[in-house]
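Working notes, beginning with the structure itself.
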């Protein structure tokens, strides 16, 4: 049996809307938080309204993720054109068409239809008519669910009737990792398992993360302010090729050397993401960075053990792409692994330029590695994502 490795390449990043400066984005969000509160409590006295706005802005100043951490983010549902406002300062007119009557906004059914519309728009931009169809498309998202999914609708519209569609949903911010495992498994089984099967050559992975669909302006709490200013929207596509087919592309990619995943003990209650009546409800405990801190070293040692590498002896030979779930997570990973600022620079850069865009975040970092000519071929990369469980998932790549 011949071994066929799998290469990730052809990374494509899409902005449906121009990313917005974080300082301005926080300003817009603080205003609609305050406006929602006044509408919900039926506050009409100008002095009381002024005080509420002042109090909300003070809370945002204290708890929101600031512009020194995130430069800008994409926010698809935000609309700053006054001509589209249903009422003054209503920066989310599609989500909150009538704050006075429904401060929670449209229900989850309507938001799911919005997700489908947005995802189909993304797919049509990722796949112009002259692009060769893939054997498979794996769709990754945490921010939408409906059946048939948008990729199934899309392949029907394109008449790609023998392109296989697989959903990799609700895996949290590490969602790219199970999708890569799926793509690898599909290629391996095609080449090494099913003797008479047609060989798969090209599998696409598409991420559509629309966190802004789940904007929750009803809770003026530190936790909700952090969550609503930490996450942005992200859309990424990349391809997995069998190694021989990859050689014909004359491009740069990331060869998968190994993968490893584990759930950290006694951590499942620290993070959850549950469909609610009006949006997906998100809870992120302040303990999450500490859970990661206490477990990350053993996790990376185990990841490297999969291919016989002693991490402690070879840590300086890797570059690192760690999911920047927040500033503390990056800081603690760096401390526990005893890495330099340069080794963690890619993770901080991704967070600064895009914010946390859930499962799309780490593929953006992979894209930067592939396109950075200063990173030579042969360089090995440790990449790690985190999500519900609390789960850590890792891959080791070699740039080729």
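Taking the criterion of being more than 15 Å from the chain's Cα centre (by Cα) and within 20 Å of residue 303 (Cβ to Cβ), the only residue of region 349-374 that qualifies is 369. Applying the set (1) in contact (Cβ under 8 Å) with a residue 12 or more places away in the chain; (2) farther than 20 Å from residue 70 by Cα; (3) surrounded by fewer than 24 Cβ atoms within 10 Å (Cβ to Cβ) to residue 374 leaves exactly one unmet item: (1). Does residue 208 qualify as being touching a strand residue (DSSP E or B) at 6+ places or on another chain (Cβ under 9 Å) and under 24 Å from residue 352 (Cβ atoms)? So residue 208 fits the description; yes.
Filter region 78-92 down to the residues that are closer than 14 Å to residue 217 by Cα and at pLDDT below 85, then identify the one that is surrounded by the most Cβ atoms within 10 Å (Cβ to Cβ).
Here the residue is 91.
Take the residues of region 147-163 that are under 23 Å from the mean Cα position of the chain (by Cα), surrounded by fewer than 18 Cβ atoms within 10 Å (Cβ to Cβ) and not in a helix (DSSP H, G or I): which is modelled with the lowest pLDDT? Only one residue fits best here, namely 147. Just one of the numbered conditions (1) in contact with a helix residue (DSSP H, G or I) (Cβ under 6 Å, 6 or more places away or on another chain); (2) modelled with pLDDT under 95 is not true of residue 202: (1). In region 225-237, of all residues being crowded, with 19+ Cβ neighbours inside 10 Å and assigned to a helix (DSSP H, G or I), the one that is farthest from the chain's Cα centre (by Cα) corresponds to 225.
Please return the ranges of helices (runs of 4 or more DSSP H) entirely within region 238-341 where 1 or more residues are at pLDDT below 95.
In region 238-341, 243-247, 288-305, 327-337 are the helices (runs of 4 or more DSSP H) which contain 1 or more residues that are at pLDDT below 95.
Just one of the listed residues (42, 48) is part of a helix (DSSP H, G or I) and surrounded by fewer than 13 Cβ atoms within 10 Å (Cβ to Cβ), namely 48.
Among the residues here, residue 67 qualifies as modelled with pLDDT of 95 or more and more than 30 Å from residue 116 (Cβ to Cβ).
The values are calculated or read from the model by the stated rules, or taken from the named source; none is laboratory data. What you see is a predicted model; the values in this text were computed from it and never measured. Heads up, the Cβs are rebuilt from the backbone with ideal geometry, glycines too, and the neighbour counts pull from every protein chain shown.
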